[in-house]
Each structure stands twice: as structure tokens, then as C-alpha cells.
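Worksheet for the structure shown next.
Each value in this text was obtained by applying a stated rule to the coordinates, not by laboratory testing. Everything numeric here is computed off the predicted structure, so don't read it as measured data. When we count neighbours, we look across all protein chains shown, and the Cβ atoms used for this are built from the backbone with ideal geometry, even at glycine.
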Amino acid sequence: MAGSILASVGTELPRHRAALAAAVLLAVLCLIALAAPALTPHAPGTIDLAQAGSPPGLGAAHWWGTDRLGRDVFARTMQGLRVSLLIGFVAAFVSVAIGVAWGALAGYAGGRLDASMMRIVDILYALPFVFFVIILATLFERGDVLVLLAAIASVGWLTTARIVRGQTLALRQREFIEAARALGMPTAQILWRHILPNVAGPVIAYATLTVPQMILYESFLSFLGLGVQEPLASLGSLISEGARDMETASWLLLAPAGCLTALTLSLNVLGDGLRDVLDPRTRS
Amino acid sequence: MMRHVLARIIGLIASLSLLVTAAFFVIRLAPGGPFDEERTILPQVRANLEAAYGLDAPLTTQYARYVSGLLRGDFGPSFKHKDVQVSELLGAGLPVSASLGAAALVLALLCGVPLGFCAALQRARVLDHATSVLTALMIALPAFVLGPVLSLVFGLRLHWLPAAGWNDGSLEQAVLPVVTLAAPVLAYSARLARTGLLEVLGSDYIRAARARGLGLRRIVVAHALRPALLPLVSWLGPAVAFVLTGSLVVETVFGIPGAGRFLVEGALNRDYTLVMGMIVVYGVITLLCNLAADLAYGWLDPRVRRY
């Protein structure tokens, strides 16, 4: 099954030109973010007041300019990009894992358990959940990346749970599942060996769409001053800093804003492409 | 139908009480309190303060008091804004937030839905591709990027519009914040309208209508538009939550005196009653909009009324 997912992505995604371009852009962004310490002699935290507020330029010592404290904007933006990527991917992984477990269990169990589990999802869906995240992020130790991760990941699992539950409900009726049950396979093993591989396609597609959401939630919290704290920076906190100084030093805003846009755009377009290829419901 | 409505209303009340209870205890159990300041206050003063605000009672008693106050429409006094009731603070901020949010929602739907329908009718032609690029961009640009960038370009560089401020919601002040808030909602509604119409146009009864020789325009207007709107309508509840969240950022970016700042500010200051008031009000708005979307769905699609 894993092989067939790879095969269909390999043969069908290249025909989806936008998604392919997005995948390339994403790969380039990740590579630059990781290689940044080798690309610039400046460390993200080094303060050089003599160079403070110098504008960007190709021949300049700081080619994306410096901020109010003379810190190199390129180095800091790339550090922010790494933090945002890390938080986005980990939070997406956690929330997708919760969603898959919840949805597969509800769909496979069926009946009353299914009804009550999905009722919980419905209720949570209707609540202004972001407010809860804001409260969690504010009330507990600020800048604690783990609390931040937990708060963000707690929002993202609902959609995955719905999708997986729907798929599992359909799979449950199939002969091969019935055969496994007739042969005495334990439920946990059926879920792991037969259900999971069959829902993997759509899950991968929606996981790709969850990553930019998680990145946006994190940046949103950091923008409000509730997320990652100094000296660490994420794209959101850099944008918030840049917005304060944009009148005199617009590059402080434009550098992280451009990176965040490129990142979320490439992930969204790639996710849409993967969904077209991997989700049977959207296949035409 | 009556049973359907009744069940939904009971569900709404249940969700609301869950929200209020969970929020109350999460906020109270978090470390810190409203009277923690850099300047330490005398133990007696603190005890008097806590007694005056009823914080010395057991938590469950406080909860019961708060809920009974809420039922009488009393949000309690603010802990940080001296001598001010939470309802006064919210009363000053909410009209501003509401007009901002409503304007953004109306703009988004008025532009997004026709755009999506046109894209669907022009499938795989220039307009369709342009729409999909535009919506992808609008979804990727969060309010905290779009807002400052619009303010920089149109406010500080081109001087066409004010960069920030509200000035009682005058038209030129409102353009940039409303556009910022509307952009992602516009993009989502355009996408939903497009896929909704495409799905309906591919269905058997439309093919049957075409086979009988009805013109495309007649088919779209008379048979396809209503069912094509269904996915959009069921998304309206989350859309309102989306606008409320976005307004927190937009109000910060443009310095608008709405209610949004009370949530973050109140949570940071441990202003318990203010945060609770915000959650109750925004929670009620979200849940009511979900209910309205639900009922509208039943009205548009007679099949769901049976349940």
C-alpha cells in the first residue's frame, strides 16, 4: 500500500504542475533554512549597534540588512523559518496522529461509541477554539515551546478525525476486513494492519494541509506576543517586530512576511495537489 | 422540522455550558492571579481585595455565583480596570468589532460567491486559473502579513489611505482593515462556491435538464444555484469563528478600538471576569451563527429536514 501511494504520487503529481513547483519551492526553502548558518558569517543573535538599521543591498555586509540592534536580518529570518518549520511539522504530526486514532476507533467501533465520539468532534468544531488556544498559551509558562505545541496541536485533529472516520466506516464493510475478523485477528491489529494503510492516502494529503495551518497558528500566537519568546524568534514574532518598525525599515517586515507567505503557499498548493492524487473522493 | 430545531437549540445550550465551565476552570487553575504585581501588597490588603471580589470563597461557589450572574446578564466587575464593569468595556468595544466583522463577511460573500460561480462556469479557462491563483494567495497570506503590508504600501508609501486608526469607522479608515479581514474568507467562499457548482452541474438531474433542451443559463439559475450553495452554507459557522479570530489581529495591526484586545490583555493580566466575558460573548456569537447556518441548510436542502 505504501508502495502504491508512492507510485501514484510519482506518476500523477508531476502532471500537476502547480503542485510540482510548490514541492520544489518548499524543498528550496527547507534547504536554505537548514544551510543558512553556513551561508552567512553572522549569527542570528549577535548584536552590532554600529551597524544598526542598515538597509539591505547586494554588496552590503548584511545583504538582507540589520534590525534596530544590528542583528543580521537574513540570519534571524532563517532561524525563524527553522523554528516555524519545526513547530509546524511536529504539531501537525501530533494532531494528525490524534485525529487518525480518534477517527479510526470511532469508525471501526460504530454504533453508540461512534456517535458519541463524533458528537464531541462536532461540539469542539463549533466552539471558537482559537480562544482556548490563546488562553492556554497566555496562562501557562510563556515561551514554553512544549505548551505552545500542545495548544496548537489540540486544534488540528478534528478534520483528520472526520475524514478517517468516514473512510473507516466504508472500509469496515469490505470482505478483507471481515475475513481478518473471521480468522480471529485482534481489533488493534486489524486497525493497524488493514485500516491504517488504506486510509493513509487521504491522511497524507490532509497532513500536508495541516502543516501550514499549524505554522499559521504558531505565527498568530507569536504575533500577539504569546508564542516564541526572545532571543528565539519565529516568523510570527519577526513579523510583529517588523510591523512596528515598518515606517523606517520596511525590510524588517518584508523579509519574514515573504518567507512565511512562500512557505504557507507552497505547502497549501502541494497539499491540494496531493489531495487530488490521493483522495479517492476528489478524484475525477 | 420542529424537532430538528429543538434538538439544535438544546445542543447549543449544552455546548455553551461546556464552554463556560471549561473556560472558567482552566483560567482559574492556571498559575498567577489578578493581584500579582511587581509591587508586593500587604497580606491584609490582598485579603481585603480578594474578599471584596469574592475570590476567597471556594472555587465551586465562585463558579455558581458567576453562572447565576451570567443568567441575569451580569458579567461582573473588571479586576484590572478599576470601577468598571466588564459589560461597559465590552459595550464600548463590541459595536466596533461587530461592524468591522460584519462588513468583512458581507464583502467576502458578495465578491467570493459570484467569483466562484463564474470560475466554475468558465472551468479550465483563464478566469478559472486566475481565480485559483488568487484564492491560493489569499489563503496563504494571514491577516498579520496582509494587514501590515497593505498598511505599508497604501498608507505609508502611496498615501492613498490612512495607515491605521478607526475614527468611528469612516469609510476610508475602514477600507484596509475590512479588506484584510475579508481576504481569506473571500478565497474560501469562492472555492466552495466553485466546487459546489461544478459538483451540481455534473449530477444526473442537470444532465436530464440539458437533455430536454433547457438553456445553460436557465439551468444554472433555476436548478443549480440553490444546491450549489449548500457546502458554503454549512461552512458559514466556521467562517464567523474565522472572522472573529482574524479581527483580533486586524484590530491590533490597525489600532482599532474593538473588543479583540480585551481577550489577550485580559488573559495576560489575569482579569478573570474580562476574559470570561469575551469568551461568553464570542462563544454565543459563534454558536448562534452555527445554528443559523444549520437552519439555513435545512431550508435549502429539504432532504435533511427528515432527521
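Roughly what would the spin-label model give for A:A115 and B:Y205, points 7 Å off Cα along C-beta, in nm?
Distance between label points: 2.9 nm.
Bin width 10 Å, origin at 0, all Cα-Cα pairs of the range A:183-246: what percent of pairs per bin?
20, 27, 18, 17, 13, 5, 1
Using the basic label-point model (7 angstrom from Cα toward the beta carbon), what is the A:A21 to B:A292 distance in nanometres?
It works out to 3.9 nm between the two label points.
Mind listing which trypsin sites (Lys or Arg not before Pro) in the range B:153-214 are in a DSSP loop and have 14 or fewer other Cβ atoms within 10 Å?
The qualifying sites are B:R212.
If you take all C-alpha pairs in the range A:1-129, what percent of them are over 18 Å apart?
72 percent
Rounding to the nearest 20 debye, state how big the charge dipole of the protein assembly as shown is about its Cα centre with +1 on each Lys and Arg Cβ and -1 on each Asp and Glu Cβ.
The dipole magnitude comes to about 2440 debye.
If N is the number of residues in the range B:104-144, what value comes out of its Cα radius of gyration divided by 2.2 N^0.38 Å?
Taking the Cα Rg and dividing by 2.2 N^0.38 Å, one obtains 1.23.
Which trypsin sites (Lys or Arg not before Pro) in the range B:236-307 sit in a loop by DSSP (not H, G, I, E or B) and have at most 15 other Cβ atoms within 10 Å of their own Cβ?
Sparse-neighbourhood loop trypsin sites (Lys or Arg not before Pro): none present.
Please compute the volume of the convex hull spanned by the alpha-carbon atoms of the range A:55-105 and report it per residue in Å³.
Roughly 80 Å³ of hull volume per residue.
For B:S99 and B:E265, what does the FRET efficiency come to when R0 = 25 Å and r is the distance between their Cβ atoms, rounded to the nearest 0.05?
Computed FRET efficiency for B:S99 and B:E265 comes out at 0.75.
Take the alpha carbon atoms of the range B:168-208, find their radius of gyration, then divide it by 2.2 N^0.38 Å using N residues; give the quotient.
Computed over Cα atoms of the range B:168-208, the ratio equals 1.91.
About its Cα centre, how strong a charge dipole does chain A have in debye, to the nearest 20, once Lys and Arg get +1 and Asp and Glu get -1 at the Cβ?
900 debye
What length, rounded to one decimal in nm, is gained on full extension from B:T21 through to B:V284, with 0.36 nm per residue of separation minus their alpha-carbon distance?
Roughly 93.3 nm would be gained on extension.
Which value in Å does the Kirkwood hydrodynamic radius of the protein assembly as shown take, with 1/r averaged over all unlike C-alpha pairs and then inverted?
Result for the protein assembly as shown stands at 26.2 Å.
In peptide B:133-143, how many Cβ atoms from other protein chains are near each Cβ within 10 Å, on average?
What the average comes to for B:133-143 is 5.
Along its three principal axes, how long is chain A when you only count alpha carbons? Whole Å, largest extent first please.
Each principal axis gives a Cα extent; for chain A these are 76, 45, 28 Å.
From the alpha carbon gyration tensor of the range B:194-299, can you work out the equivalent ellipsoid semi-axes (sqrt of 5 times each eigenvalue) and give them in Å, largest to smallest?
44, 14, 8
Which residues in the range A:1-34 place their backbone N less than 13 Å from a point set 7 Å from the Cα of A:F89 along the Cα-to-Cβ direction?
Once the point is set 7 Å along Cα→Cβ of A:F89, A:26-34 turn out to lie under 13 Å by backbone N, inside the range A:1-34.
What's the extension gain from B:A7 to B:S68 if we count 0.36 nm per residue and subtract their Cα-Cα distance?
That pair, B:A7 and B:S68, stretches by 19.5 nm at full extension.
If Rh is defined by the Kirkwood formula over all Cα pairs and Rg also comes from Cα, what ratio Rg/Rh do you get for the range A:125-284?
A ratio of 1.12.
Report the Cα centroid-to-centroid distance between the range A:216-284 and the range A:1-48 in angstrom, as an integer.
For the range A:216-284 versus the range A:1-48, the Cα centre distance is 15 Å.
For the range B:213-307, with the dipole built from +1 on Lys and Arg beta-carbon atoms and -1 on Asp and Glu ones, taken about the Cα centre, which of B:G260, B:V280, B:Y297 lies farthest toward the positive end?
It is B:Y297.
Just tell me, in residue order, which DSSP H segments of chain B are both 20 angstrom or longer along the helix axis (alpha-carbon based) and at least 0.0 in mean Kyte-Doolittle hydropathy.
Correct list, ordered by number: B:2-29, B:86-121, B:126-140, B:171-201, B:230-254, B:272-300.
For the range A:87-191, what does the equivalent ellipsoid look like in terms of its semi-axes, each the square root of 5 times an eigenvalue of the Cα gyration tensor, given largest first in whole Å?
33, 15, 10
On C-alpha positions alone, give me the angle between the axis of helix A:235-244 and the longest principal axis of chain A, in degrees, nearest 10.
40 degrees
Count, for each residue of B:88-96, the Cβ atoms from other chains sitting within 10 Å of its Cβ, then give me the mean as a whole number.
The shielding value for this peptide is 0.
Using modelled backbone amide H atoms (1.01 Å from N, in-plane), which distant-in-sequence or interchain residues come within less than 5 Å of B:Q85's amide H?
HN-HN under 5 Å from B:Q85: B:S78.
Go through A:G99, A:L81, A:V24 and say which Cα lies farthest out towards the positive end of the charge dipole of the range A:1-102; charges sit on Cβ, +1 for Lys and Arg, -1 for Asp and Glu.
Value: A:G99.
Rounded, prolate or oblate: which fits the range A:82-139 when a ≥ b ≥ c are the square roots of the eigenvalues of the alpha-carbon gyration tensor, with rounded for a/c under 1.5 and prolate only if a/b beats b/c?
The shape class here is oblate.
Would you mind putting B:49-60, A:234-245, A:35-46, A:102-113 in packing order, based on average other-beta-carbon counts within 10 Å, highest first?
The packing order, highest mean first, is A:234-245, A:102-113, A:35-46, B:49-60.
Sequence gap at least 6, Cα distance under 8 Å: using those rules, report the relative contact order of chain B to the nearest whole percent.
27 percent
Compute the projected area of the convex hull of the Cα atoms of chain B, averaged over all viewing directions, and report it in nm² to one decimal place.
If you wrap the Cα atoms of chain B in a convex hull and average its projections, you get 20.8 nm².
Treat the count of other C-beta atoms within 10 Å as a stand-in for reagent exposure and order A:Y125, B:Y66 from fewest to most.
With the sparsest Cβ surroundings first, the list reads A:Y125, B:Y66.
Take A:A182 and B:R226, extend 7 Å from each Cα along the Cα→Cβ direction, and tell me the distance between the two endpoints in nm.
Each label point lies 7 Å from its Cα, and together they span 4.7 nm.
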